[in-house]
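In what follows, a structure is listed as structure tokens, so that the remarks can point back to it.
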Amino acid sequence: MARAAPRLADRRRLLLTLGAPYALLLLASLVEWPWRALGAPGVVVALTPPSFILLAFSVGASTYALRRKLPLSMITWLPAGQGAIVLLATGFFAGGAQDQLTGLAFIIAYGFIFLIVLAVATAIASNGAPVAVAFVAFFALTQAARFPVFGADGEATVPYAGLLTLAAFLRAGVELAVLAWLARRLVEAADSSAMPTALWIVALTLGHGALAGWEDPALRGALTLGEYVEQITRWLMLACIQLGMAAVLIRFRRAQFRDQEAQPRTAEPERSEPPA
């Protein structure tokens, strides 16, 4: 009984460590709620001063984790920081009615950062394919931390704006809490049990569209079944492209690791042959 308490404390500490960067991203969205609802000054395009500070702090935390050589206990810090860069970039370039410019800025920022995510995922593939695939999913799910402020964002008048914003916030909080719990299971898992946890993380990533697909249409005052299905389809396409590319590259990299490990064993008998 005396040994159980430290173990429980360690697991709680690990959960908090893995969930901390996503809590920062969620807090960056949460502080925008009263700021935008009250019409406070200082908003730069789509970023409020507190959200900018929190997102910048998240990027700094990811740099600290990288300097620590990204231990498994901090595996979520780097993808969360990379997601924060995307949120900062799209926040700066998002401009109200300029929908095409907003979309282009999002694609450019997201695509550039995603290439870095792929590079890091292939680099850590030596720790196992489940960890590498989960790393990409951790980055994709940084989008789950974003939620709209109904009645302040968009042009449509939304009834029950406060309740809808609260529902969106709770959705984001539940998703990220489940993600942190799954991340802890992944870190604690043995090699044989890591893949099922990674698949649950992938399932959570794919399911984000169904959980959050109602928010954007409701913000525009156009929530219909067709709009909801369209949002789900868009997210599934984006997530499948990212995870599919990652799976191919990680599998290729893992094959390279196996070949490199096999080469010394095949070369050793040749050196042991007696000279002719």
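Does SER58 meet the test of being surrounded by 20 or more Cβ atoms within 10 Å (Cβ to Cβ), at pLDDT 90 or above and in contact with a Gly (Cβ under 9 Å, 6 or more places away or on another chain)? The answer is yes for SER58. The single condition among (1) buried (at least 16 other Cβ atoms within 10 Å of the Cβ); (2) assigned to a helix (DSSP H, G or I); (3) modelled with pLDDT under 90 that LEU204 does not satisfy is (3). Within segment 159-190, being within 14 Å of LEU25 (Cα to Cα) and within 13 Å of the chain's Cα centre (by Cα) holds for ALA172, GLU175, LEU176, ALA177, LEU179, ALA180. Taken together, the residues in segment 87-103 that are surrounded by fewer than 21 Cβ atoms within 10 Å (Cβ to Cβ) and either of a type in the set (A, V, I, L, M, F, W, C) or modelled with pLDDT of 80 or more (or both) amount to 7. Taking the criterion of being open to solvent by less than 10 Å² (accessible area, probe 1.4 Å) and closer than 24 Å to ALA212 by Cβ, the residues of segment 122-148 that qualify are ALA134, PHE135, VAL136, ALA137, PHE138, PHE139, ALA140, LEU141, THR142, ALA144, ALA145.
Cβ-Cβ below 9 Å, separation at least six or inter-chain, first residue in segment 239-257 and over 19 Å from GLY83 (Cβ atoms) and in contact (Cβ under 8 Å) with a residue 12 or more places away in the chain, second outside any helix (DSSP H, G or I) and open to solvent by less than 70 Å² (accessible area, probe 1.4 Å): which pairs? Pairs that qualify, where the first residue is over 19 Å from GLY83 (Cβ atoms) and in contact (Cβ under 8 Å) with a residue 12 or more places away in the chain and the partner is outside any helix (DSSP H, G or I) and open to solvent by less than 70 Å² (accessible area, probe 1.4 Å), are ARG254/GLY128.
Within segment 170-201, the set of residues being in contact (Cβ under 8 Å) with a residue 12 or more places away in the chain, open to solvent by 50 Å² or more (accessible area, probe 1.4 Å) and either within 30 Å of VAL149 (Cα to Cα) or outside any helix (DSSP H, G or I) (or both) comprises ALA177, VAL178, TRP181, TRP200.
Would you confirm, using the coordinates I've provided, whether PHE106 is at pLDDT 85 or above and assigned to a helix (DSSP H, G or I)? The answer is no for PHE106.
Of everything in segment 149-169, what is among the hydroxyl-bearing types (Ser, Thr, Tyr) and surrounded by 21 or more Cβ atoms within 10 Å (Cβ to Cβ)? Give them in sequence order. Write out each step before concluding.
Residues of segment 149-169 that are among the hydroxyl-bearing types (Ser, Thr, Tyr), as a first pass: 157, 160, 165.
Hit for segment 149-169 is THR165, nothing else.
Once segment 207-251 is narrowed to residues that are open to solvent by less than 50 Å² (accessible area, probe 1.4 Å) and among the polar types (S, T, N, Q), the residue that is farthest from ALA172 (Cα to Cα) is GLN242.
Answer yes or no: is there a residue in segment 137-147 that is farther than 27 Å from ILE113 by Cα, part of a helix (DSSP H, G or I), among the β-branched types (Val, Ile, Thr) and in contact (Cβ under 8 Å) with a residue 12 or more places away in the chain. Can you show your working first?
Looking only at segment 137-147, we keep the residues that are farther than 27 Å from ILE113 by Cα, and these are none.
The answer is no, given that none of the residues of segment 137-147 is farther than 27 Å from ILE113 by Cα, part of a helix (DSSP H, G or I), among the β-branched types (Val, Ile, Thr) and in contact (Cβ under 8 Å) with a residue 12 or more places away in the chain.
The values are calculated or read from the model by the stated rules, or taken from the named source; none is laboratory data. These numbers come from a predicted model, not from an experiment. Quick reminder, even Gly has a Cβ in these numbers, built from the backbone with ideal geometry, and neighbours come from all protein chains shown. Heads up: the accessible areas ignore ligands, DNA and RNA and are worked out on the full protein's heavy atoms, side chains in. Shrake-Rupley method; radii C 1.70, N 1.55, O 1.52, S 1.80 Å.
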